[in-house]
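The values are calculated or read from the model by the stated rules, or taken from the named source; none is laboratory data. What you see is a predicted model, and the numbers here were worked out from it, not measured in a lab. Cβ: placed from backbone, ideal geometry, glycine included. Neighbour counts: every protein chain shown. The area values use the complete protein model at the heavy-atom level, side chains included, leaving out ligands, DNA and RNA. Shrake-Rupley method; radii C 1.70, N 1.55, O 1.52, S 1.80 Å.
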Amino acid sequence: MVSIIQRFPENPLLRPADIPASTPDLTVECVLNPGAFRYRGRTGLLLRVAERPRQEPGWISTPVLDAGQIKILRVRQNDPDLKSTDPRVFTYKGRQYLTTLSHLRLAWSEDGIHFTVEPQPALLGVGDHETFGIEDCRVEFVAGQYWLTYTAVSEFGVGVGLISTMDWQTYTRHGIIFPPHNKDCALFPEKVAGHYWAFHRPSGLGLGGNFIWLSRSPDLLHWGDHRCIAATRPGQWDSERIGAGAAPIKTERGWLAIYHGADQKSRYCLGGLLLDLNDPYRVLARSREPLMEPVADYEQRGFFGNVVFTNGHVVDGDSIAIYYGASDSLVCGARASIQEILKRL
Ligand code: MAN
């Protein structure tokens, strides 16, 4: 099938070497999964920057936040209490840790392609529920403010935190809105039937799985009427886990949501879902084939290969600029026509 997604010829837009580390003791290992938005005529990205100390042979060392200070956990690779099979996580003495600590960093662009990265983090993990960092932030302008829904990671699990800002200088923290295990939360850009709406992705331990749920709220803080709207599909490209990308796009055919799906081999692709404009719990269509697959070299090889993952886009008329993380290492961009995507659903 002919691809309807055109990758930016300038890809990758950002790589770890473009990001100054947040402290001299850390190196930037990955820059990935940006939230995207427009502010005062510019495109903003809220990048996930994943850092750790430079790795020494024979050791794994990872930063953990402890009362706002970075502490380094350092474990010998041959320690019998260490289990490490995934580049993103390891288990030590029965407890799980991430191999990197992520914060959120702003980058700005006049043309949506060339970005200038701010020298310091915009947001770092705060408090007991973010000691392993904050990740994969969706940004949406709703009710006169920007709302940031992000993954908060700690020994207590992976949940969804909420922050608001008007000016990208001062931030208001609203705490965890979806407790563990939950991630991939994206707000709708406007009220529908008198409510605010959010996608999220709770994970079932036994029954259930990694499915997309939809909820509504009177105030963006309190969420209810949770309903599962899309499950994984056995044997297909989205058989293992699925999760929403950024906010859905309002079209004359319905709400178009771009989501990620992974298979048993953790190969991440992007697909589309179409929801009823007035009753978003009603799913009207879903892509059979992926809209985008990891086929470029930089999408197949990296920190965690075979990944295209999006949680940020900017819409301009019929054109959507999709910002995405490639192989959990780099930030890239791609463009598509919304009408063309709708035809594929
Ligand atoms: C998974 C991956 C990682 C992420 C952790 C915590 O292991 O998505 O990239 O850091 O979950 O969210």
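Among the residues of the stretch 322-333, those that are assigned to a strand (DSSP E or B) and either acidic (Asp, Glu) or open to solvent by less than 10 Å² (accessible area, probe 1.4 Å) (or both) comprise Ile322, Tyr323, Tyr324, Gly325, Ala326, Val331, Cys332, Gly333.
Answer with yes or no whether Arg241 is under 21 Å from Arg286 (Cα atoms) and either in contact with a strand residue (DSSP E or B) (Cβ under 6 Å, 6 or more places away or on another chain) or of a type outside the set (D, E, K, R) (or both). It is true that Arg241 is under 21 Å from Arg286 (Cα atoms) and either in contact with a strand residue (DSSP E or B) (Cβ under 6 Å, 6 or more places away or on another chain) or of a type outside the set (D, E, K, R) (or both).
Scanning the stretch 1-22 for residues that are in contact with an Asp or Glu (Cβ under 8 Å, 6 or more places away or on another chain) and at pLDDT 95 or above yields Pro16, Ala21, Ser22. The conditions of being in a strand (DSSP E or B) and open to solvent by 60 Å² or more (accessible area, probe 1.4 Å) are met by Phe141. Residue count for the stretch 175-202, restricted to those that are assigned to a strand (DSSP E or B) and either within 16 Å of the chain's Cα centre (by Cα) or within 16 Å of Glu135 (Cα to Cα) (or both): 15. Among the criteria (1) within 16 Å of the ligand (Cβ to nearest atom); (2) closer than 19 Å to Cys30 by Cβ; (3) open to solvent by less than 80 Å² (accessible area, probe 1.4 Å), the one Phe115 does not fulfil is (1). Contact map, the stretch 143-155: first residue within 13 Å of the ligand (Cβ to nearest atom), second residue basic (Lys, Arg) and open to solvent by 10 Å² or more (accessible area, probe 1.4 Å), Cβ cut-off under 6 Å, separation 6 or more or different chains; pairs are Thr151/Lys183.
If I filter the stretch 210-228 for residues that are within 17 Å of Ile341 (Cα to Cα), open to solvent by 20 Å² or more (accessible area, probe 1.4 Å) and assigned to a loop (DSSP other than H, G, I, E, B), do I get at least one hit? Taking every residue of the stretch 210-228 in turn, none turns out to be within 17 Å of Ile341 (Cα to Cα), open to solvent by 20 Å² or more (accessible area, probe 1.4 Å) and assigned to a loop (DSSP other than H, G, I, E, B).
The single condition from (1) within 15 Å of the ligand (Cβ to nearest atom); (2) farther than 30 Å from Ala321 by Cα; (3) within 23 Å of the chain's Cα centre (by Cα) that Pro34 fails is (2). Of the residues contained in the stretch 234-255, none is found to be modelled with pLDDT of 95 or more, under 16 Å from the mean Cα position of the chain (by Cα) and of a type in the set (Ser, Thr, Tyr). Out of contact with any Asp or Glu (no Cβ under 6 Å at 6 or more places or on another chain) and within 30 Å of Ile320 (Cα to Cα) - does that describe any residue in the stretch 73-86? No, the stretch 73-86 contains no residue that is out of contact with any Asp or Glu (no Cβ under 6 Å at 6 or more places or on another chain) and within 30 Å of Ile320 (Cα to Cα). In the set (1) open to solvent by less than 10 Å² (accessible area, probe 1.4 Å); (2) touching a Phe, Trp or Tyr at 6+ places or on another chain (Cβ under 7 Å), the condition left unmet by Pro202 is number (1). Note on the stretch 120-137: residues that are within 16 Å of the ligand (Cβ to nearest atom), among the small types (Gly, Ala, Ser) and either part of a strand (DSSP E or B) or out of contact with any strand residue (DSSP E or B) (no Cβ under 6 Å at 6 or more places or on another chain) (or both) amount to 1.
Annotation: Tyr146 fulfils all but one of (1) in a strand (DSSP E or B); (2) surrounded by fewer than 20 Cβ atoms within 10 Å (Cβ to Cβ); the unmet one is (2).
Taking Leu101, is it surrounded by 21 or more Cβ atoms within 10 Å (Cβ to Cβ), farther than 24 Å from Ala334 by Cα and within 16 Å of the ligand (Cβ to nearest atom)? When the stated conditions are applied, Leu101 passes them.
The residue that is surrounded by the most Cβ atoms within 10 Å (Cβ to Cβ), counting only those in the stretch 232-264 that are among the β-branched types (Val, Ile, Thr) and not in a loop (DSSP other than H, G, I, E, B), is Ile258. Do we find a residue being over 21 Å from Thr149 (Cα atoms) and β-branched (Val, Ile, Thr) anywhere in the stretch 232-255? Yes, the stretch 232-255 contains at least one residue that is over 21 Å from Thr149 (Cα atoms) and β-branched (Val, Ile, Thr).
For the stretch 290-313, which residues satisfy the criterion of being charged (D, E, K, R), touching a Ser or Thr at 6+ places or on another chain (Cβ under 8 Å) and not in a helix (DSSP H, G or I)? If the condition is that a residue be charged (D, E, K, R), touching a Ser or Thr at 6+ places or on another chain (Cβ under 8 Å) and not in a helix (DSSP H, G or I), then Arg301 is the only one that fits.
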